[in-house]
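**Student:** Sharing a structure here in structure tokens format.
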Ligand SMILES: [Zn+2]
């Protein structure tokens, strides 16, 4: 154990103010990822340089590596004594586009209004980049002042997450694996306060769905538009899409989802408690979703946790108004639950489409990710949250989308979503709605609170 008398106490007011200014600088660097996968798109390097400057001032020398010019990935490491394997903090530096006209304040202005820092990336997820850099600076000071760490603590601020991670975490895991290999990773998405029915929850991502993007193609006889054919490719496709939209795919509640729903149910008053508990019973879950959960957002979000899903997104057919085309296709965004194979999903999809397509091609496939919620790290994260908010409840959580965890899991790393922020429950701000939505913002106080929690969890786990 370190000798506490050696380290000067941390001035949290000053540290929070530093974190706020760092985050504001990062938001003002518009790292918008248009998804071209090209050099210069998003240009995360500028944001990585800003973080590097912050780390260098604290005596930490980071490196910036890129697969394509401008697509910077920052990696920094504080050495421990090597008695335990490293811990990785991860944040992506790119953001999605923002329609400035629909925002109340400039999405790249990082203005402060009503106690919030406004801007694209405020919670997805430049706040984690800023909190991680500040945590690294504090750990560096701890070591400089004679303190010790049992583990290396690594910080990766990566490019290209919003377009599939190829130039960011996937590239790091393929070409710089030794720089980022760790026992655990803390990153997206979790530890934000979620206020429901008067209670506060802190979901911690331990699992995410897999991706299975497919193209279904239908064929029919081409012909003249003046003589309709009910068996044309376009009409077959339309019937299939309609059936897909009306079909609920089979329920497969996973262990993590059971823990999430029963953990949440335990805290809620009677009617909600029973409804949530029964969602874990496949035989009645569909009925509950269709008839008892009124809020359409909640219905979709619970639905996505309980089954594989398939959304038709890109439809292609025909090119001339008077010609019945011989082919029509739809691209489908499929998402698979942990424990579900690609072939099992394709079978469910075929059933949901009803009409057998002439071909069903898999365009991209990424496996689901699931980490246990019973590790010493998970317990430490939950306990740290509980210490700072005794009335809040941490819950393991499955997200329907995907994150950098897809990449790090390939190195054997256990990945958790832990980027703590507390929202004022009386403000009724939906964290989920701000993700890629308008008016993204983070509370100034809630960010300082998060920094303290992240620093405490990391220092304890690293044995500081
Ligand atoms: Zn994100």
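**Student:** Would you please put 159-171, 427-439 in order of how densely packed they are, using the mean number of other Cβ atoms within 10 angstrom per residue and starting with the highest?
**Tutor:** 159-171, 427-439
**Student:** Mind jotting down the distance between the C-alpha centroids of the stretch 5-72 and the stretch 330-354, whole Å?
**Tutor:** Going from one Cα centre to the other spans 39 Å.
**Student:** Whole Å is fine, so just give me how far the alpha carbon centre of the stretch 238-252 lies from that of the stretch 82-109.
**Tutor:** Here the answer is 35 Å between Cα centres.
**Student:** Another one. Looking only at the chain, where both bridge partners belong to it, what percent of the DSSP beta bridges are antiparallel (to the nearest 5)?
**Tutor:** Antiparallel: roughly 70 percent of the beta bridges in the chain.
**Student:** Right, next: Once Rh is set to the Kirkwood radius over Cα pairs, what Stokes-Einstein translational diffusion coefficient, in µm²/s, holds for the chain at a temperature of 25 °C and a viscosity of 0.890 mPa s? Working shown, then result.
**Tutor:** Values: Rh = 23.6 Å.
My calculation gives 104 µm²/s for D.
**Student:** Compute the distance from the alpha-carbon center of the stretch 138-155 to that of the stretch 253-300, in whole Å.
**Tutor:** The distance from the Cα centre of the stretch 138-155 to that of the stretch 253-300 comes to 43 Å.
**Student:** Measure nothing but the geometry: give the 0 to 90° angle between the long axis through the Cα atoms of 376-388 and the longest principal axis through the Cα atoms of the chain, rounded to 10°.
**Tutor:** Its long axis makes an angle of about 70 degrees.
**Student:** Quote the relative contact order of the stretch 251-306 in percent (integer), defining contacts as alpha-carbon pairs under 8 Å separated by 6+ residues.
**Tutor:** 37
**Student:** Mean separation of Cα pairs under 8 Å and 6+ residues apart, divided by the residue count of the stretch 77-129: what relative contact order is that in percent? Walk me through the numbers before you get to the answer.
**Tutor:** Values: 43 pairs, mean separation 19.7, N = 53.
Rounded, it is 37 percent for the stretch 77-129.
**Student:** While we're here: Can you list, bin by bin at 5 Å, the percent of alpha carbon pairs in the stretch 251-306, starting at 0?
**Tutor:** 4, 22, 33, 30, 10, 0
**Student:** Expressed as an acute angle from 0 to 90° and rounded to the nearest 10, what is the orientation of the C-alpha long axis of helix 45-57 relative to the principal long axis of the chain?
**Tutor:** It is inclined by approximately 20 degrees.
**Student:** Rounded, prolate or oblate: which fits the stretch 1-151 when a ≥ b ≥ c are the square roots of the eigenvalues of the alpha-carbon gyration tensor, with rounded for a/c under 1.5 and prolate only if a/b beats b/c?
**Tutor:** Taking the square roots of the gyration eigenvalues as a ≥ b ≥ c, the stretch 1-151 is oblate.
**Student:** Tell me the angle of helix 342-353 to the major Cα principal axis of the chain, expressed in degrees between 0 and 90 and rounded to the nearest ten.
**Tutor:** Computed tilt is about 40 degrees.
**Student:** When only C-alpha pairs under 8 Å and at least 6 residues apart count, what is the relative contact order of the chain, in percent?
**Tutor:** Here the relative contact order equals 24 percent.
FYI, it's all coordinate maths here, none of it is from the lab. Not measured: the values here are computed from a predicted model. No Cβ is skipped: glycine too gets one built from the backbone with ideal geometry, and neighbour counts run over all protein chains shown.
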